[in-house]
Amino acid sequence: MVDLTLNEKRLLVTLAPMGEGSATAVAAALGTTEEAAVQYAHLCADRGLAVVTRTSAKTYTLTPEGAEYREHGLPERQVLDSFEGSISMKDLQAHPLSRIGIGWLRKKGWIAITKGVAEKTGKAAPGADEVALADPKEGMPGIAELLKRNLVEEHEEVAYRIAITPEGRDLVAGGLDLAEETGTLTREQILSGSWRTANLRRYSLSTPPKRIWPGKSHPYQRIIDEVKGILLDMGFVEMQGEIVLSAFWDFDALFQPQDHPAREMQDTFYLDMKEPLPAGFERVRDMHEHGGTTSSTGWGGVWSTEVPQQCVLRTHTTPFSIRYLIDHPEPPVKAFALGRVYRREAIDPTHTPEFEQLEGIVMDEDVSFRHLLGYLKEFYGRMGFENVRFRPGYFPYTEPSVEPEVWVDGLGWVELGGAGIFREEVTAPWGIETPVLAWGLGISRVAMLKLGLKDLRQLYRSDIDWIRECPVIRKEE
């Protein structure tokens, strides 16, 4: 006799006169849920007593944006219909949908742009995406494009059919005991000893239970927390700062010349707001123009007082360091900041316009370049990178400067940031005469290596499957 649970027996007895049926119908006959009926059926299927067939169908519904475009046309179609023959790009860009539409017009080959003039190509027949938008159904060629553009939402409807096998019929015909089973013992049954005569439900240790997904921190957040924990253990304190800074703090106070390429629009997010220059800005101005009272000759030229008042989204966390040193001018100082920074980067697997940067400073009497290398090697070692090397680098605000690299199997040497000793042009305007070791490291790249990722964007996507599968504890090789 095959050992079956009561629920499996009830399923077979229910199926015997039906032969087969939908999971909904079987569940109704059993007086249970559809999910439970499918579970019982799978258990019977493992014994060859039933067959479970799964079918799925995809349906699509329009998003609010998709519904609007179905009524009025896709942005590129609306922009195309707004002019005859040709139009200047200036006038075309005045269309309210131009920011979306022009790119798609060019991608679809509906217009050609020459010397600032857009001209229709005559190849504007309704595309597969427009056909699918009118009545989206599974298998239509344009569905994939509409999904990418977030104009439709995909829904999968799953259905199950359950059938009894000849072996199952024979078992039912031979008679099945449908006596009630005890699945959970009560306190009274244990104390009285009645559990010994109870009809206990059998359990199979070889059958995996339904997987449960516990709540846990995002893998990237765990690495950020790990980095902070390491530095706090090394005796550092954490610095904080604003996302919006004036160009004075983001660039000028760090001795970046006002004509430095990093300050141009293609590298920096400038905001339509200004912030007054702080007290003592004249010392920074003098440092740029002629080196102030130091041995430096500065950058020369005339330092503009307008440029540094412009506000930007912080391009690095280094401004926190100089402002922290101003507030804590007496050694020793050991501090770090870990925050998001913003740059106008083209998005690809290794670049994003926003990412996390780790900033660290050490100010003390007699610290040297050797100490800087020691701090970096110790930090990377605690992060699990045993092989660390340094190569000379250049940064406007440190001298000497290095770029630390770590060895990663399969990738070779990977550069992970920049470091050096603050130049006197950075510290002297604020009366700081003690050496300051400083570094700025890309934590997102460290996270990529630790998590084995090939695409930086994975750190910021809402990929619930990846979060679930990513282990909480990483096994170090």
Would you mind working out the magnitude of the charge dipole of segment 227-319 relative to its Cα centre, with +1 at each Lys and Arg C-beta and -1 at each Asp and Glu C-beta, to the nearest 20 Debye? 140
Relative to the longest principal axis of the chain, what angle (0 to 90°, nearest 10) does the C-alpha long axis of helix 98-107 take? 70
Which of 419, 464, 443 sits farthest toward the positive end of the charge dipole of segment 406-477, with +1 on the Cβ of Lys and Arg and -1 on the Cβ of Asp and Glu? 464
Which listed residue (350, 336, 361) has the Cα farthest towards the positive end of the charge dipole for segment 326-365, taking +1 on Lys and Arg C-beta and -1 on Asp and Glu C-beta about the Cα centre? 350
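Over the chain, what is the percentage of antiparallel beta bridges among all DSSP beta bridges, to the nearest 5?
Numbers: 65 of 68 bridges.
The antiparallel fraction comes to roughly 95 percent.
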Residues of segment 86-131: accessible area per residue with a 1.4 Å probe, Å²: 65
Which of 245, 273, 256, positive extreme of dipole for segment 212-296 (C-beta unit charges): 245
Mind checking which lysines have their Cα closer than 24 Å to the Cα of residue 137? Skip sequence neighbours fewer than 8 apart in that chain. 58, 108, 148
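Report relative contact order for the chain in percent, whole number only (criteria: Cα-Cα under 8 Å, sequence separation at least 6). Don't skip to the end; give the middle numbers.
Details: 729 pairs, mean separation 56.3, N = 477.
Contact order relative to length: 12 percent.
Suppose the chain between residue 259 and residue 42 were pulled fully straight at 0.36 nm per residue; how much longer would it get relative to their current alpha carbon spacing? Display every interim value, and only then the final one.
On the way: separation 217, 0.36 × 217 = 78.12 nm, distance 7.05 nm.
Length gained between residue 259 and residue 42: 71.1 nm.
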222 nm [θ] for the chain, helices only, -39500 (n - 2.57) per DSSP H run of 4+, per residue, to 500? -9500 deg cm²/dmol
Protection-proxy order for peptides 300-312, 328-340, each taking the mean of Cβ atoms within 10 Å per residue, highest first: 328-340, 300-312
Computed over the Cα atoms of segment 427-472, what is the ratio Rg over Rh, Rh following Kirkwood? 1.34
Which whole-percent values make up P(r) of segment 59-156 when all C-alpha to C-alpha distances are grouped in 10 Å steps starting at zero? 16, 46, 27, 10, 1
Quick check: residue separation of residue 94 and residue 59 times 0.36 nm, minus the Cα distance between them. What number comes out in nm? 8.9 nm
Candidate aspartates and glutamates - alpha carbon under 13 Å from residue 107, same-chain residues fewer than 8 apart omitted: 76, 145
Net charge dipole size for the chain [Lys, Arg +1 and Asp, Glu -1 on Cβ; Debye, nearest 20]: 1340
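Taking the alpha carbon gyration tensor of segment 361-477, what are the square roots of 5 times its eigenvalues, largest first, to the nearest whole Å? Don't skip to the answer; put the middle values down first.
Values: eigenvalues 215, 48, 33 Å².
Working through the eigenvalues yields semi-axes of 33, 15, 13 Å.
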When the Cα centres of segment 404-440 and segment 59-114 are compared, how far apart do they sit, in Å? 48
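Which net charge results for the neighbourhood of residue 56, defined as the other residues with beta-carbon distances under 12 angstrom from its beta-carbon, given Lys and Arg at +1 and Asp and Glu at -1?
Values: positive: 54, 58; negative: 138, 154, 156, 157.
It works out to a net charge of -2.
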Excluding residues on the same chain fewer than 8 positions from residue 450, give the aspartates and glutamates whose Cα lies under 12 Å from its Cα. 226, 409, 476, 477
How far is the Cα center of segment 210-255 from the Cα center of segment 274-298, in Å? 31
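Rounded to the nearest percent, how much of the accessible area of the chain (1.4 Å probe, protein heavy atoms only) is carbon and sulfur?
On the way: 13510 of 26290 Å².
The nonpolar share, carbon plus sulfur, comes to 51 percent.
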Please give the charge dipole size of segment 159-226, origin at the Cα centre, charges +1 on K and R Cβ atoms and -1 on D and E Cβ atoms. Round to the nearest 20 debye. 180
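Taking the highest mean first, how do the peptides 117-126, 376-385 order by number of other beta carbon atoms within 10 angstrom per residue?
Details: 117-126: 13.0, 376-385: 17.7.
By packing density, highest mean first, the sequence is 376-385, 117-126.
The values are calculated or read from the model by the stated rules, or taken from the named source; none is laboratory data. Since the structure is predicted, the reported quantities are computational estimates derived from the model, not experimental observations. Because the Cβ atoms are built from the backbone with ideal geometry, glycine has one as well, and the counts that use them run over all protein chains shown. We work out accessible area using only protein heavy atoms, side chains counted, and drop any ligands, DNA or RNA first. Shrake-Rupley method; radii C 1.70, N 1.55, O 1.52, S 1.80 Å.
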